[in-house]
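Notes follow once the structure below has been shown.
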Amino acid sequence: MFDLHCHILAGIDDGAKDLDVSLDMARQFVEQGVEVVACTPLILPGVYHNSGPAIRLAVAELQTAIDEAGIPLRLVPGADNHIVPNFVQGIARGHLLTLGDTRYVLVEPPHHVAPLRMDDLFFSILVAGYVPILTHPERLTWIDGKYDLIQTLAARGVLMQITSGSLTGRFGRQPRYWAERMLDDGLVHLLATDAHDTRKRPPDLARGYDAAAQRIGAIEATHLCKTRPGGILANVLPSELPPVEKSSARPVDLSNFAPSTSNASDEASRGEPSHGLAGRLRQFFFR
C-alpha cells in the first residue's frame, strides 16, 4: 500500500516530535503492509515556515536513518500545502511541493471557513497542468453547508482524499458520516492516514482499508490504498487511474453515535496544540 499524506518528519510541524517517533511510525507502516510514504509536512505561512528545499533535505535525512535502522520503507517528498495566494507560482518556484515531483499536489483549505472562490483556485491549478488533491474534505466543518461545492470540484477533476481515521470513528461522528457519504456517492479517490505520531494519530491505513472494504468492497478499497496512489506516484494521467465506483450502502445514521465533544477537547485528544498563537491559528484554519 501507499500513504500519500503523513507527518512523519521530525520537528518540522505538528507531527513526529523527534527521530525516535519517526522511526517507530515507519515500523508501524511496514507492519501494515505500506511500502511507500509521502512525507507531507504543513506549509502554512505564519505558523509552519516550511519550504520545498528544507522538506527535501529532511526527507533525505530521514530516509538515511530508516535505511540504517533496516526498515524497508521508501519515502518521497511532498507537502500539505495550505491555500495561499499565488499557489501555482509557489509550485513552479519550488516553495510548494507536489507528491514525489509528479503532477499531483495536496491542497488543504481552511478548516472552519470555506475560502471565497475556491473553485477558481482549483481551476487555476488544473489549467497549469497540475492535478489538485483536496485533503480530508470530510473533516472540514463547513462541508455540511457546502457539500455541493465538494461535488462540483470532484466533477471538474479535483481528486478527493479522505482520512482512514474518519472511517473508523477516530475523528468523531460528523467526519465518519461525511466519509461514508462521499464513498457512497463515488467521490473518494484516495485513502491516507494523515498520521502524526504513534498513539493519538498513528499510521492506520490497514484499519482504514478494512473499513472501506466493508463499505464498498475489496476492489475499490484496493484502488483507494494501492492502485490510485501507486499510479499517482508513477505520474500517470488522471484518465489512467481506475474510475471511482459508487456504493449502494446508506450513510451511517448520526443518531447511532455519541454526541461529539467540543473543539478544544477534540484538539487535545489528538495531541494538537491548543494554546499560543500557532495553536489558535491552527484551530482556526484546519485540524
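The values are calculated or read from the model by the stated rules, or taken from the named source; none is laboratory data. Not measured: the values here are computed from a predicted model. Note that we place each Cβ from the backbone using ideal geometry, even for glycine, and neighbour counts take in every protein chain shown.
The table for this structure:
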read-out	value
Qualifying residue in the range 92-111 (condition: surrounded by fewer than 20 Cβ atoms within 10 Å (Cβ to Cβ) and aliphatic (A, V, I, L, M))	yes
Subset of the range 65-91 [in a helix (DSSP H, G or I) and exposed (fewer than 14 other Cβ atoms within 10 Å of the Cβ)]	Asp67, Glu68, Gln89
From the options Gly46, Gly94, Gly15, residue that is modelled with pLDDT of 95 or more, in a loop (DSSP other than H, G, I, E, B) and out of contact with any strand residue (DSSP E or B) (no Cβ under 9 Å at 6 or more places or on another chain)	Gly94
Whichever residue in the range 165-185 is in a helix (DSSP H, G or I) and of a type in the set (Asp, Glu) and, among such residues, is farthest from the chain's Cα centre (by Cα)	Asp184
Residue within the range 252-268 that is at pLDDT 95 or above, in a helix (DSSP H, G or I) and either surrounded by 13 or more Cβ atoms within 10 Å (Cβ to Cβ) or of a type in the set (D, E, K, R) (or both) present	no
Pair list, Cβ under 6 Å, 6 or more apart: the range 235-246 residue within 22 Å of Gly217 (Cβ to Cβ) and free of Cβ contacts under 8 Å to residues at least 60 places away in the same chain, other residue part of a helix (DSSP H, G or I) and of a type outside the set (Lys, Arg)	Leu241/Gly231; Pro242/His223; Pro242/Thr227; Glu245/Glu220
Residue that is closer than 30 Å to Leu62 by Cβ and touching a residue at least 40 places away in the same chain (Cβ under 8 Å), where the choices are Leu134, Leu97	Leu97
Odd one out for Ala58, checked against (1) part of a loop (DSSP other than H, G, I, E, B); (2) crowded, with 19+ Cβ neighbours inside 10 Å; (3) of a type outside the set (D, E, K, R)	(1)
Tabulated pairs, the range 165-188, first of a type in the set (Lys, Arg), second buried (at least 20 other Cβ atoms within 10 Å of the Cβ) and part of a helix (DSSP H, G or I), C-beta under 9 angstrom, 6+ apart or interchain	Arg170/Ser164; Arg170/Arg176; Arg176/Glu138; Arg176/Ser166; Arg176/Leu167; Arg181/Glu138
Selection count where residues are more than 20 Å from Arg103 (Cβ to Cβ), among the aliphatic types (A, V, I, L, M) and touching a Phe, Trp or Tyr at 6+ places or on another chain (Cβ under 9 Å), scope the range 29-87	6
